[in-house]
Amino acid sequence: MRGFHPSLAAFEPLPVQERLFVHARLFSAPLEALAARAKGRRLADLGCGHGVLTALLAVGFPEREVVGLDPDARKIDWARRSVGRFPNVRLEVGTVHELAAKEPGRFDCLFVADVLYLLPPFEWGAFLAACRALLVPGGRLVIKEAENDGSWRAKTALWQEQVMVRLLRRTRESGALGFEPRETLHRELEKTGFSVRESASMHRGYTTPHVLFVAECA
Ligand SMILES: C[S@@+](CC[C@H](N)C(=O)[O-])C[C@H]1O[C@@H](n2cnc3c(N)ncnc32)[C@H](O)[C@@H]1O
């Protein structure tokens, strides 16, 4: 059943509230579809939060090295106490720019799930350029965002995010909170030197207008 993937056993050491949060996260976003697009051995989950996607990428794949990165130390603490106990996972507090300065050209594949909506769109180019710097030639970037398609889904999802970010303060924003049309991300990816291989709506069965991009270094 959606939301009960075996990798979620990694989160059993966490308090019940955090466990419920990670189950809800997997139930409400197509993270398994992202994980299915992994390529290569060295992977990173940028803006990993509690590490739900990190767990999908690492648990059961001992041949992979998975780095989870987030600027929010609280989130990395939850991730360290759960998926961080696996030997093929490394968790770091920091920004994508800091990681790109330390480990350029290290990764075969990067994942960015629901992070860009927390940044002003004028900063997306610099974020994507840092992603490009982290990747090997021909490396892959898998992104999931919610798209502003003017639908009831977009309005409902934005309202939910405002509650999570501004009222409950469960998620840390980076200067913005809003969804953009799908074309904005497509354009920024191409401008940064990525070739978009796949762009697909993933909203069926969800209340959020999920959109998935798979791009590779041109
Ligand atoms: C909605 S959560 C998504 C977490 C995780 N990617 C997932 O799919 O479950 C957004 C995450 O982005 C992180 N974040 C905020 N600003 C960021 C930035 N500038 N760079 C990287 N991550 C950021 C937040 O701390 C938060 O953990």
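Given the Cα-Cα distance of GLU173 and GLU18 and 0.36 nm per residue of separation, how much length would full extension add, in nm?
That pair, GLU173 and GLU18, stretches by 53.9 nm at full extension.
Once amide H atoms are built 1.01 Å from N in the peptide plane, which residues 5 or more positions from CYS48, or in another chain, come under 5 Å H to H?
Long-range HN contacts for CYS48: LEU69, ASP70.
Over the residues of the range 1-121, compute the C-alpha Rg and express it relative to 2.2 N^0.38 Å.
It is 0.98.
If you take the Cα Rg of the range 22-79 and divide it by 2.2 N^0.38 Å, with N the number of residues, what do you get?
So the range 22-79 has a normalised radius of gyration of 1.08.
Can you list the lysines whose alpha carbon sits under 21 Å from that of LYS75, skipping same-chain ones fewer than 8 residues off?
Correct list for LYS75: LYS144.
Extension gain GLU32-ALA126, at 0.36 nm per residue separation less the Cα-Cα distance, in nm?
Here the segment from GLU32 to ALA126 would lengthen by 31.1 nm.
Rg and Dmax of the chain over Cα atoms: what are they, in angstrom?
16.0, 44
Values quoted throughout were computed directly from the atomic coordinates according to the rules given, and no laboratory measurement underlies them. None of these values were measured; they are calculated from a predicted model.
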